[in-house]
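Notes follow the structure.
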Amino acid sequence: MKSIVVTLAFFLASAMMFSQELTLTVDAPESAVRGQRFRIVYTVNSTDGQFSPPRFDSSFSVQGPQQSTSRNVQWINGQMTSVSSTTLIYYVVASVPGKFTIAPAQFVTKKMTVSSPEREILITNDAAAPATGQQQGQGRSSAGNAETGSELSLKLLVNTREVYAGQPVSATLKLFSRINISGINELKYPDFKGFLREDIETPQLKSLETEVIDGVQYGTGVLQRFLLYPQIPGDIRIDPVQMTAMVQQRTSMNDPFFDDPFFENFFSNVSTVPRQVATQPLTIKVKPLPEPRPADFHGAVGSFDLASSLSATEVEVNDAITLTITLKGSGNLNLAGEPVINFPQGIEKYDPRVTVKSTGTASGTRSFEYLLIPRNTGTFEIPPVSYTVFDPGQEKYVTLRAAGYTVTVTGNPGTVETAPQAYVPGEDVRYLGQDIRFIRNGDGRLAMLPDTLVTATWYWMWFVLALLAAAAVLLLRREQIKRNADIAGLRNRKAAKSARKRLAKAESLLKTGRDEQANAEIARALWGFLADKLSIPQSELTREKCYSSLRTKETGEELITEIDRVLSATEYSQYARVSEGESPAALYRRAVRLIGQLDDVLD
Amino acid sequence: MQRLILIFIVLISGVLTAASQSPEERYSQAGNLYSSGDYSGAAAIYRQLYDEGYRSEDLLYNAGNAFYKSGDNASAILFYERAKLLAPADEDIDYNLQIAGSKITDRFETVPELFFVRWFDFISLLTTTNIWAVLAFAMFALALLLGVIFLTRARAKGRLLSFWLALAAMVLSVVMLSLALRNNSLVNHNKNAVITCSIVTGRSAPGESGTELFVLHSGTRVRVEQELGLYFEVQLPDGNKGWIRADCMEKI
């Protein structure tokens with residue numbers, strides 16, 4: 001501080017020696033906005049003199065002046081030239097619109113007086129200004145603080161306020177400043193709830209560009225560009241972005257002794273002060289994607305084209321080919337899911353390599369590279385890829401298609417395959433999914449629902465009828481058996497009678513001496529009796545039959561041998577002379593006795 | 001007026017074209033719709049054929065498939081169960097029914113039926129009730145014939161054999177008759193029903209006043225115990241009973 005004073009004193013002294021032409025210039029905007037602060041700057045090429053400000057209009061609220069001096073001294077060949085200047089800055093806020101005249105200011109030195117030219121200024125009513133908030137009319141000491149509040153602002157600019165879910169919002173964080181900033185200390189982003197943030201590479205801010213907004217000059221700079229992908233529908237608020245900037249600020253000593261504009265020059269200081277600014281909160285309306293979503297929609301929102309390419313369509317077995325599916329356009333490329341391709345079995349598929357090439361804000365290409373290795377020979381059909389995206393411009397789902405390919409695989413699969421899989425005899429069948437089985441084709445063998453038999457009365461009538469029929473058959477049969485039995489009984493009852501009749505005839509024949517005829521009559525009587533008693537028809541009548549029938553009736557063997565003897569005797573006597581055998585009378589008596597015995601046994 | 005006539009003509013022609021198509025044509029048309037992905041269209045045609053009284057295991061199986069694909073899981077189960085009654089040994093029906101059944105919300109600890117009941121039901125479903133009825137009558141007639149032979153041919157050699165054969169035929173006839181009756185009650189008067197409402201409450205009494213006992217979801221199989229107006233008393237697979245609105249279920 002001391003050295004400055006000494007230097008100044010030296011310059012003050014030396015300035016006396018050179019007289020020079022004095023000029024006083026004024027720099028003021030041609031127009032300003034009501035309520036907005038603007039600057040009027042007076043510059044005079046002298047340091048020693050008295051500046052008398054003009055009389056400002058009563059509607060002007062004036063702060064200042066900020067006074068600064070500079071001096072440039074050169075020695076050239078022993079000649080010293082000195083250029084000095086004084087700058088006074090007034091900060092003015094006009095409260096009434098209209099055209100105003102700024103009266104000349106005067107600068108008085110010991111030798112002369114100069115006046116600045118007269119300036120006209122137009123105060124307009126339009127209040128659309130970028131500065132955020134203003135503080136005025138405060139004390140002098142707080143004036144410095146107040147000015148940074150309005151001179152420095154941070155804005156988050158978005159390209160649209162209404163989007164579909166997934167549709168990217170391009171956002172720019174921009175700094176507006178009218179004061180010197182030495183640096184940015186801290187940039188604090190909110191958590192962007194409901195959005196996915198993707199930063200776009202932004203060159204680091206080195207210097208502010210000049211931009212005039214509403215007639216006011218600002219130093220502007222883009223701090224960061226980024227894309228916001230809304231994830232959930234609804235009105236989503238973006239919280240303020242906060243920034244701490246290092247602001248160069250003039251501080252003054254509030255000492256009553258030095259409370260004079262003159263001293264301000266010497267005892268004021270420029271210091272760097274952190275200052276916080278924040279953007280205004282924003283609300284973005286996120287519309288939900290229309291339902292129902294198509295099955296092959298994988299989250300891509302934007303305007304896209306789809307293309308596919310295959311590295312080779314004819315390939316040797318086990319040689320890799322590459323299928324590239326490229327999605328090109330603008331939209332949420334980073335969130336576009338993998339397309340579903342049903343590769344034919346026999347081609348080994350690896351997970352795709354996904355590359356994104358961005359050519360600007362939210363546009364570029366996203367490519368899916370599938371490495372395919374055919375493991376079998378033959379012709380394989382890679383189906384056309386269908387990929388549905390939502391186009392916010394058309395506000396509907398658009399299905400994109402890329403061509404399919406036919407791959408011909410040649411070569412001998414066995415020779416190569418044995419090498420890596422020498423000890424694997426086969427592989428388990430891979431089950432890919434589960435679904436119901438397909439419908440049956442054909443005519444369906446349709447038939448009308450038939451009437452059910454078990455509920456029909458006539459069905460049960462069948463059973464009754466069958467039962468009745470069986471009963472009838474049984475009855476008839478019984479009747480017949482009974483009748484047959486009656487015939488046998490009759491013969492049985494008549495047997496003894498007819499036998500006695502024949503025996504009586506034989507007796508009378510014996511008396512007349514006709515022995516042969518008598519014998520025949522005895523035989524007939526015996527045979528007839530046996531036939532009637534045993535119910536044997538005449539045609540089947542033999543000795544054996546009679547005996548077996550008698551045996552079943554348990555008549556006793558003696559009786560049977562007796563019958564046999566009598567029968568033999570009668571037969572014998574028919575062919576031989578009577579004298580040789582038994583007398584016919586004795587045979588007759590035997591026969592009578594035999595028939596009587598049989599009648600008793602067989603009855 | 002003109003519009004009315006137009007509507008009338010359209011309706012008439014619609015009815016005529018529907019009537020002019022034979023059921024086989026409509027059946028194959030539904031198959032084409034299914035193949036092209038119009039599952040609900042195919043299901044509507046199958047359903048119509050069923051309502052008109054046409055039956056075949058293929059029709060019911062396809063109807064189940066169409067309903068499953070169009071998202072109506074309850075109807076799919078209903079038709080698979082119906083198809084199973086016509087073809088108890090069909091493996092495709094079992095498979096699809098199992099897949100459709102895996103999407104049912106309600107799970108029960110079910111007690112399996114006694115094995116001989118299951119076998120008896122299975123045998124009874126092997127053919128139709130009418131074939132069982134005819135066979136039963138044929139057996140009955142055979143038994144009578146053998147009985148008559150046994151009773152009349154007193155001295156025939158196979159007399160004893162004919163007696164045993166007659167007895168066997170009579171037993172067979174009784175068994176077949178009961179199979180015919182069982183088949184009829186399973187196929188035409190099945191007491192099981194499938195819940196078709198997505199959610200329905202079982203109450204302790206018919207009407208909306210009864211205490212709420214349980215909640216069922218679509219696709220669950222219940223057994224109808226009683227019918228009273230608009231409410232059926234059903235028994236759940238775990239044995240619990242409750243009253244449910246009749247329009248929330250369809251009998252198998």
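Annotations for the structure displayed:
- The set of residues from the stretch A:298-315 being surrounded by 15 or more Cβ atoms within 10 Å (Cβ to Cβ) and farther than 17 Å from residue A:397 by Cβ comprises A:307, A:308, A:310, A:315.
- Pairs linking a residue in the stretch A:190-201 that is of a type in the set (Gly, Ala, Ser) to a residue that is surrounded by fewer than 17 Cβ atoms within 10 Å (Cβ to Cβ), with Cβ atoms under 6 Å and 6 or more positions apart or on different chains, are A:194/A:231; A:194/A:232.
- Note on the stretch B:43-95: among residues that are part of a loop (DSSP other than H, G, I, E, B) and among the aliphatic types (A, V, I, L, M), the one that is nearest to the other protein chains (Cβ to nearest Cβ) is B:87.
Condition check ((1) within 22 Å of residue A:472 (Cα to Cα); (2) among the polar types (S, T, N, Q); (3) over 19 Å from the mean Cα position of the chain (by Cα)) across all residues:
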residue: B:107; (1), (2), (3): no, no, yes
residue: B:119; (1), (2), (3): no, no, no
residue: B:123; (1), (2), (3): no, no, no
residue: B:138; (1), (2), (3): yes, no, yes
residue: B:146; (1), (2), (3): yes, no, yes
residue: B:163; (1), (2), (3): yes, no, yes
residue: B:183; (1), (2), (3): no, yes, no
residue: B:188; (1), (2), (3): no, yes, no
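- Cβ pairs under 9 Å, 6+ apart, first in the stretch B:129-140 and farther than 15 Å from residue B:171 by Cα and at the interface with chain A (Cβ under 9 Å from one of its Cβ atoms), second charged (D, E, K, R) and assigned to a helix (DSSP H, G or I): B:129/B:182
- Some residue of the stretch A:418-434 being modelled with pLDDT under 85, touching a helix residue (DSSP H, G or I) at 6+ places or on another chain (Cβ under 9 Å) and not assigned by TED's automatic domain parsing to the domain that holds residue A:315: yes
- Lone unmet requirement of (1) crowded, with 16+ Cβ neighbours inside 10 Å; (2) closer than 30 Å to residue A:431 by Cβ; (3) small (Gly, Ala, Ser) for residue A:346: (1)
- Every residue from the stretch A:472-483 that is at the interface with chain B (Cβ under 9 Å from one of its Cβ atoms) and aliphatic (A, V, I, L, M): A:473, A:474, A:481
- Among the candidates A:504, A:499, residue that is more than 14 Å from chain B (Cβ to nearest Cβ) and in contact (Cβ under 8 Å) with a residue 24 or more places away in the chain: A:499
- Candidates are the residues of the stretch A:497-516 that are at pLDDT 80 or above and either β-branched (Val, Ile, Thr) or exposed (fewer than 15 other Cβ atoms within 10 Å of the Cβ) (or both); the one that is farthest from residue A:584 (Cα to Cα) is A:497.
- The set of residues in the stretch B:209-244 that are part of a strand (DSSP E or B), in contact (Cβ under 8 Å) with a residue 12 or more places away in the chain and charged (D, E, K, R) comprises B:221, B:223, B:225, B:227, B:233, B:241.
- Selection from the stretch B:205-217 of residues that are surrounded by fewer than 13 Cβ atoms within 10 Å (Cβ to Cβ) and on the phi < 0 side of the Ramachandran plot: B:208, B:209, B:211, B:212, B:215
- Taking each residue of the stretch B:181-198 that is within 13 Å of residue A:455 (Cβ to Cβ) and looking for partners that are at pLDDT below 90 with beta-carbon atoms closer than 6 Å, six or more apart or interchain, yields B:181/A:454; B:184/A:452; B:184/A:454.
- Residue satisfying all of: in the stretch B:165-174; within 14 Å of chain A (Cβ to nearest Cβ) and hydrophobic (A, V, I, L, M, F, W, C); farthest from the chain's Cα centre (by Cα) among these: B:166
- Test: residue in the stretch B:149-157 that is more than 16 Å from residue A:460 (Cα to Cα), charged (D, E, K, R), more than 12 Å from chain A (Cβ to nearest Cβ) and in contact (Cβ under 8 Å) with a residue 40 or more places away in the chain: no
- Residue under evaluation residue A:55, criteria (1) assigned to a strand (DSSP E or B); (2) surrounded by fewer than 19 Cβ atoms within 10 Å (Cβ to Cβ), criterion not met: (1)
- Among the residues here, residue A:29 qualifies as assigned to a loop (DSSP other than H, G, I, E, B) and touching a strand residue (DSSP E or B) at 6+ places or on another chain (Cβ under 6 Å).
- Across the stretch A:443-465, the qualifying residues are those that are among the small types (Gly, Ala, Ser) and within 7 Å of chain B (Cβ to nearest Cβ), and the one among them that is surrounded by the fewest Cβ atoms within 10 Å (Cβ to Cβ) is A:447.
- Residue, farthest from residue A:436 (Cα to Cα), within the stretch B:96-129, restricted to residues that are in a helix (DSSP H, G or I) and among the small types (Gly, Ala, Ser): B:124
The values are calculated or read from the model by the stated rules, or taken from the named source; none is laboratory data. The shown structure was predicted, so the numbers you read here are calculated from the model rather than taken from an experiment. Cβ coordinates were reconstructed from backbone atoms using ideal geometry, including for glycine residues, and neighbour counts include every protein chain displayed.
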